[in-house]
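First the structure, which I've put down as structure tokens, then a few questions once you've had a look.
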Amino acid sequence: MSEAEAVDDLRKKLEHYMRQYEPIDGTVENISFARVENMGETVTAHKVAGQKESGILGYLSGMRALPQTIYFTRHGESEYNVLGRIGGDANLSPRGQKYAHALSEYINAIAGQEPMAVWTSELRRTKQTAAEIMAPKRAVRALNELDAGICEGLTYEEMQERFPQEFAWRDQDKLRYRYPWGESYIDIMTRLRPVLSALEDEDNVVVVGHQAVLRCMLGYFLDAKLDELPYMTVPLHTIVKLTSYGYKYKVEMIKLPIECVDTHRKQPKNCSITRTSADALLTVPSHYDTLPSNLWQNSTEAQL
Ligand code: F6P
């Protein structure tokens, strides 16, 4: 519509609101309220008390409508990814190192034009991935991968062999399942809360994280359903670029052309604790049993 029409439309909308709502006056009202003016320029709190209420106030104060770009990426392929092992603190595989280099070329081209910041976890695979990016870096503990407790360092096959019941329970409710001595997706969401708030105030940040942690972060920005979070696809060697428009985000997946394993395991049909091992392992992605020496010279020749 033309500018004149748009202004007229907005004026009508305001008139409509003014008929429907009445202003709250803190000096006469005995209720608690928070008022946000001009997209968060002024936030007034009246009789706001309690943990949840203060949390909401904090959230309202952090509201912003400025354009924002955030780049998310998993670390480059790690030696544990190649072997199908979860958790741990492994180094990047040679293909992962290639991704780190390609990522830095992509990001450095942008960092040359605008200020940029890089957040990694405290684990070495994310730090190695960010090593060549020329921007200030921060290692954030809350970005560390899901702690798999007694299953750290195992493959899904080994989990099924050693802890079949745990493996089935996780498949039944992956969002809430907590590894013994470890964490659940819900636990990660709780520890990520301050990081997400801090991220909302930033522009041009690169977050180098991990599969489960990035599922939670992307799910937050993209408004994903909670139960879908643990199955979101966040592939290796792919930059996920989020650009804000208003309070929503546009998502672009930028796959860099460096081969890697797939670490996404779909929910199997049979999640019963009495299922066979074959049923439990049906959706486990292919991986190597030992680190292949030929893989790195000519990755197209290597066979899974
Ligand atoms: O396989 C890579 C990894 O980052 C593991 O370290 C982690 O336990 C796993 O992904 C999380 O994915 P999922 O919740 O699907 O097992």
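Which residue is surrounded by the most Cβ atoms within 10 Å (Cβ to Cβ), if the candidates are limited to segment 236-251 and must be under 20 Å from ILE133 (Cβ atoms) and within 14 Å of the chain's Cα centre (by Cα)? Break it down into steps so the answer makes sense when it comes.
The first filter runs over segment 236-251 and keeps only residues under 20 Å from ILE133 (Cβ atoms), leaving 236-243.
If we keep only those that are within 14 Å of the chain's Cα centre (by Cα) too, we end up with 236, 238-242.
On the way: LEU236: 24, THR238: 16, ILE239: 19, VAL240: 21, LYS241: 16, LEU242: 20.
Only one residue fits best here, namely LEU236.
I'm trying to understand the selection: among the residues of segment 209-222, which are surrounded by 15 or more Cβ atoms within 10 Å (Cβ to Cβ) and farther than 17 Å from LEU146 by Cα?
As a first pass, look at segment 209-222 and keep what is surrounded by 15 or more Cβ atoms within 10 Å (Cβ to Cβ): 209-221.
If the condition is that a residue be surrounded by 15 or more Cβ atoms within 10 Å (Cβ to Cβ) and farther than 17 Å from LEU146 by Cα, then PHE221 is the only one that fits.
Can I ask one more? Tell me which of these ILE24 doesn't satisfy, since it passes every other one: (1) more than 16 Å from the ligand (Cβ to nearest atom); (2) under 30 Å from THR290 (Cα atoms).
(2)
Okay, next question. Quick check on my filter: what residues within segment 223-234 are exposed (fewer than 15 other Cβ atoms within 10 Å of the Cβ) and within 13 Å of the ligand (Cβ to nearest atom)?
Within segment 223-234, GLU228, TYR231, THR233 qualify.
Take the conditions touching a residue at least 60 places away in the same chain (Cβ under 8 Å) and either farther than 30 Å from VAL284 by Cα or assigned to a strand (DSSP E or B) (or both) and apply them to ILE70. Does it pass? Step through it out loud before you land on a result.
Details: touching a residue at least 60 places away in the same chain (Cβ under 8 Å): yes; either farther than 30 Å from VAL284 by Cα or assigned to a strand (DSSP E or B) (or both): yes.
Judged against the criteria, ILE70 is a match.
For segment 223-242, give me the residue count where each residue is touching an Asp or Glu at 6+ places or on another chain (Cβ under 9 Å) and either assigned to a loop (DSSP other than H, G, I, E, B) or within 12 Å of PHE72 (Cβ to Cβ) (or both).
The qualifying residues number 7.
Further question: Which one is nearest to GLU114 (Cα to Cα), of the residues in segment 179-222 that are in a loop (DSSP other than H, G, I, E, B) and within 12 Å of the ligand (Cβ to nearest atom)? Don't jump to the end; show me each part of the working.
Residues of segment 179-222 that are in a loop (DSSP other than H, G, I, E, B), as a first pass: 179-184, 201-204, 210, 222.
If we keep only those that are within 12 Å of the ligand (Cβ to nearest atom) too, we end up with 179, 182-184, 210.
Working: TYR179: 42, GLY182: 39, GLU183: 37, SER184: 37, HIS210: 26 Å.
In this case the residue turns out to be HIS210.
I would also like to ask the following. With the structure loaded, tell me whether PRO257 is in a loop (DSSP other than H, G, I, E, B) and in contact with a Ser or Thr (Cβ under 9 Å, 6 or more places away or on another chain) or whether it fails that test.
On the way: in a loop (DSSP other than H, G, I, E, B): yes; in contact with a Ser or Thr (Cβ under 9 Å, 6 or more places away or on another chain): no.
Against the criterion (in a loop (DSSP other than H, G, I, E, B) and in contact with a Ser or Thr (Cβ under 9 Å, 6 or more places away or on another chain)), PRO257 does not qualify.
Results for (1) within 26 Å of ALA198 (Cβ to Cβ); (2) in contact with a Cys (Cβ under 7 Å, 6 or more places away or on another chain); (3) exposed (fewer than 11 other Cβ atoms within 10 Å of the Cβ); (4) modelled with pLDDT of 90 or more, shown as yes or no for each residue.
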site: LYS13; (1), (2), (3), (4): no, no, yes, yes
site: ASN38; (1), (2), (3), (4): yes, no, yes, no
site: LEU57; (1), (2), (3), (4): yes, no, no, no
site: TYR71; (1), (2), (3), (4): yes, no, no, yes
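Shifting gears a bit: Among the numbered conditions (1) within 30 Å of ASN204 (Cα to Cα); (2) at pLDDT below 95; (3) among the acidic types (Asp, Glu), tell me where GLU259 comes up short.
All conditions are met except number (2).
Any residue in segment 74-93 that's free of Cβ contacts under 8 Å to residues at least 40 places away in the same chain: show its pairings with residues that are within 10 Å of the ligand (Cβ to nearest atom) at Cβ separation under 6 Å, as long as the two are six or more apart or on different chains.
These pairs meet every condition: ASP89/LEU123; ALA90/SER78; ALA90/TYR80; LEU92/SER78; LEU92/ARG125.
Rundown of residues vs (1) away from the ligand (no atom under 15 Å from the Cβ); (2) among the hydroxyl-bearing types (Ser, Thr, Tyr); (3) in contact with a helix residue (DSSP H, G or I) (Cβ under 7 Å, 6 or more places away or on another chain), yes/no style:
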position	(1), (2), (3)
TYR80	no, yes, no
SER93	no, yes, yes
GLU105	yes, no, no
VAL118	yes, no, yes
GLU122	no, no, yes
ARG141	yes, no, no
ILE150	no, no, no
GLN165	yes, no, no
TRP169	no, no, no
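Starting from segment 25-41, keep only residues that are over 16 Å from GLY58 (Cβ atoms), then list their pairs with residues that are at pLDDT 85 or above and outside any loop (DSSP other than H, G, I, E, B) whose Cβ atoms are within a distance under 9 Å, requiring at least 6 positions of separation or different chains.
GLY26/PHE33; GLY26/ARG35; GLY26/THR44; GLY26/HIS46; GLU29/HIS46; ILE31/HIS46; GLU37/VAL43; GLU37/THR44
For segment 84-139, name all the residues that are farther than 19 Å from VAL213 by Cα and either among the charged types (D, E, K, R) or in contact with a Cys (Cβ under 9 Å, 6 or more places away or on another chain) (or both).
Of everything in segment 84-139, those that are farther than 19 Å from VAL213 by Cα and either among the charged types (D, E, K, R) or in contact with a Cys (Cβ under 9 Å, 6 or more places away or on another chain) (or both) turn out to be SER93, ARG95, LYS98, TYR99, GLU105, GLU114, GLU132.
With the condition kept exactly as written, say whether any residue in segment 162-175 is assigned to a loop (DSSP other than H, G, I, E, B) and buried (at least 20 other Cβ atoms within 10 Å of the Cβ). Before the answer, list the steps.
Step one: filter segment 162-175 for residues assigned to a loop (DSSP other than H, G, I, E, B), giving 163, 173-175.
Those left that are additionally buried (at least 20 other Cβ atoms within 10 Å of the Cβ): none.
Looking for residues that are assigned to a loop (DSSP other than H, G, I, E, B) and buried (at least 20 other Cβ atoms within 10 Å of the Cβ), one finds none in segment 162-175, hence no.
Now, a different point. Out of segment 149-186, which residues are of a type in the set (Asp, Glu), touching a residue at least 12 places away in the same chain (Cβ under 8 Å) and over 15 Å from SER277 (Cβ atoms)?
Within segment 149-186, the first condition is being of a type in the set (Asp, Glu), and the residues that meet it are 152, 157-158, 161, 166, 171, 173, 183.
Imposing the further condition that a residue be touching a residue at least 12 places away in the same chain (Cβ under 8 Å) reduces the set to 152, 157, 161, 166, 171, 183.
GLU152, GLU183 - these are the residues of segment 149-186 that are of a type in the set (Asp, Glu), touching a residue at least 12 places away in the same chain (Cβ under 8 Å) and over 15 Å from SER277 (Cβ atoms).
In addition: Using beta carbons and a limit of 7 Å, which pairs, at least six apart or on different chains, have the first residue in segment 241-255 and in contact (Cβ under 8 Å) with a residue 12 or more places away in the chain and the second one outside any strand (DSSP E or B) and surrounded by 14 or more Cβ atoms within 10 Å (Cβ to Cβ)?
Close Cβ pairs satisfying both conditions: LEU242/PHE221; SER244/GLN68; TYR249/PHE221; TYR249/LEU222; VAL251/LEU222; LYS255/HIS237.
The values are calculated or read from the model by the stated rules, or taken from the named source; none is laboratory data. Computed from a predicted structure; not experimentally measured. Every residue, glycine among them, receives a Cβ derived from its backbone with ideal geometry; neighbour counts consider all protein chains shown.
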